1. Which of the residues that make up segment 200-217 are away from the ligand (no atom under 12 Å from the Cβ), crowded, with 23+ Cβ neighbours inside 10 Å and assigned to a loop (DSSP other than H, G, I, E, B)?
2. So for segment 329-350 (the condition being more than 30 Å from residue 247 (Cα to Cα), in contact (Cβ under 8 Å) with a residue 60 or more places away in the chain and surrounded by fewer than 19 Cβ atoms within 10 Å (Cβ to Cβ)), does at least one residue qualify?
3. Within 19 Å of residue 197 (Cα to Cα), surrounded by 12 or more Cβ atoms within 10 Å (Cβ to Cβ) and assigned by TED's automatic domain parsing to the domain that holds residue 172: is that true of residue 359 in this structure?
4. Assuming residue 169 fulfils every condition listed in (1) out of contact with any helix residue (DSSP H, G or I) (no Cβ under 8 Å at 6 or more places or on another chain); (2) over 27 Å from residue 345 (Cβ atoms) apart from one, which condition is it?
5. Could you please find all residues in segment 422-433 being in a helix (DSSP H, G or I) and either out of contact with any strand residue (DSSP E or B) (no Cβ under 9 Å at 6 or more places or on another chain) or without any contact (Cβ under 8 Å) to a residue 12 or more places away in the chain (or both)?
6. Here are some residues: 236, 222. Which one is in the same structural domain as residue 336 (by TED's automatic domain parsing), touching a residue at least 60 places away in the same chain (Cβ under 8 Å), over 21 Å from the mean Cα position of the chain (by Cα) and crowded, with 23+ Cβ neighbours inside 10 Å?
7. Need at least 1 residues that are under 21 Å from residue 421 (Cβ atoms) and in contact (Cβ under 8 Å) with a residue 40 or more places away in the chain per element, so show me which helices (runs of 4 or more DSSP H) inside segment 4-89 make the cut, counting only ones lying wholly within it.
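The values are calculated or read from the model by the stated rules, or taken from the named source; none is laboratory data. On a predicted model such as this, the values are computed, not experimentally measured, just so you know. Positions of Cβ are backbone-derived with ideal geometry, glycine not excepted, and every protein chain shown enters the neighbour counts.
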Ligand SMILES: [Zn+2]
């Protein structure tokens, strides 16, 4: 039998050792952030591999005088080392979706940084350990497993002369886990994402994610006047004032969370909560106030976040919060200041676009189940990128949201999922007959 005719399953099976070697190589370079000081090392490890697969590689460092990088360095303590990213380009000249002439270009993205190991591991976090049908190690699910799978898929394609139907632009970037200004955001700002489509490999393999919520952090500083606690009528108790603000915020939360998006949430969430669509969220998550038991508190600061659905927008969200507080101010004569800090915008690609259907078909065939179209209530740096580029985007990665324990101890991934993900990539990328 010719290698071209052999089942894809078999080709992936043959490559299991290679897949595990890639994964172990990636996990053994501790790219956790902060500090994120080993980005150069992982990029330099990847470049020869991509060169071998016929890619031209650019090592792209965010310059130290970049304004947004400076803001991030101020906000996050302990960042060290160069902020380096990889752009690997292979213009295949394949037929792409156009079927004649110039191939379309696909940007393939995920991140190379991971969260710090934390405590409670039963295996060394920066080594891959196999136990039963799973592999353990920091980043195996989020998101180094997908990088290992991509390298394996490219290796299969090269060995068996399977041409790519797209020009491939692979963006492997860093600082995603900080959530402020990642390498991908920099790529978008610099016009380095030029694909007709974007595949985000950061995600799970439970559905094709086409939508995310936007994020806005808020802070309300309630002012009072301090005095001796035995004569409280001489001052204004900021914590007591803050309670009125909190009551108002609770009403706002009720209004906000009674809405829902048209985008379905994952079937897993539906099973756990009964919720069918993604929803906006309003959280109060931090309170700071008071000096000492016998001092009337001069200030109290409330903080939280607002996650808004693709159907809402940042300006509306801010105005809604301001309006609620203004009513309170006039009723109770309270003194406070509101500050909003917008984070990533929401993301939305229509499930009816051809690109989403292609990803869904390849993923369903590779995993042997019908992959649903979903949205998530979290935010993604990809949303910032596609807001700039307007690219249709799907996030489909490897790992299980409930089992992989990404960001926790003993992060793990099923070897079967990893192999199915390799299959998915080959099915998606290879040129049809
Ligand atoms: Zn991730």
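1. 205, 207, 213, listed by residue number.
2. Taking segment 329-350 and keeping what is more than 30 Å from residue 247 (Cα to Cα), we get 347-350.
Checking the rest, the ones that are also in contact (Cβ under 8 Å) with a residue 60 or more places away in the chain come to 347-350.
Cutting the leftovers down to surrounded by fewer than 19 Cβ atoms within 10 Å (Cβ to Cβ) gives us 350.
Yes, segment 329-350 contains a residue that is more than 30 Å from residue 247 (Cα to Cα), in contact (Cβ under 8 Å) with a residue 60 or more places away in the chain and surrounded by fewer than 19 Cβ atoms within 10 Å (Cβ to Cβ).
3. Judged against the criteria, residue 359 is a match.
4. Here residue 169 clears every test but (2).
5. Our first condition is that a residue be in a helix (DSSP H, G or I); within segment 422-433, this holds for 422-429.
Within segment 422-433, 422, 423, 424, 426, 427 qualify.
6. Values: 236 fails: crowded, with 23+ Cβ neighbours inside 10 Å.
The unique qualifying residue is 222.
7. Ranges flagged: 8-14, 16-27, 39-52.
Here's the yes/no breakdown for (1) within 16 Å of the ligand (Cβ to nearest atom); (2) modelled with pLDDT of 95 or more; (3) surrounded by fewer than 17 Cβ atoms within 10 Å (Cβ to Cβ):
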{"site": "85", "(1), (2), (3)": "yes, yes, no"}
{"site": "96", "(1), (2), (3)": "no, no, no"}
{"site": "100", "(1), (2), (3)": "no, no, yes"}
{"site": "108", "(1), (2), (3)": "yes, yes, no"}
{"site": "132", "(1), (2), (3)": "no, yes, yes"}
{"site": "153", "(1), (2), (3)": "no, yes, no"}
{"site": "174", "(1), (2), (3)": "yes, yes, no"}
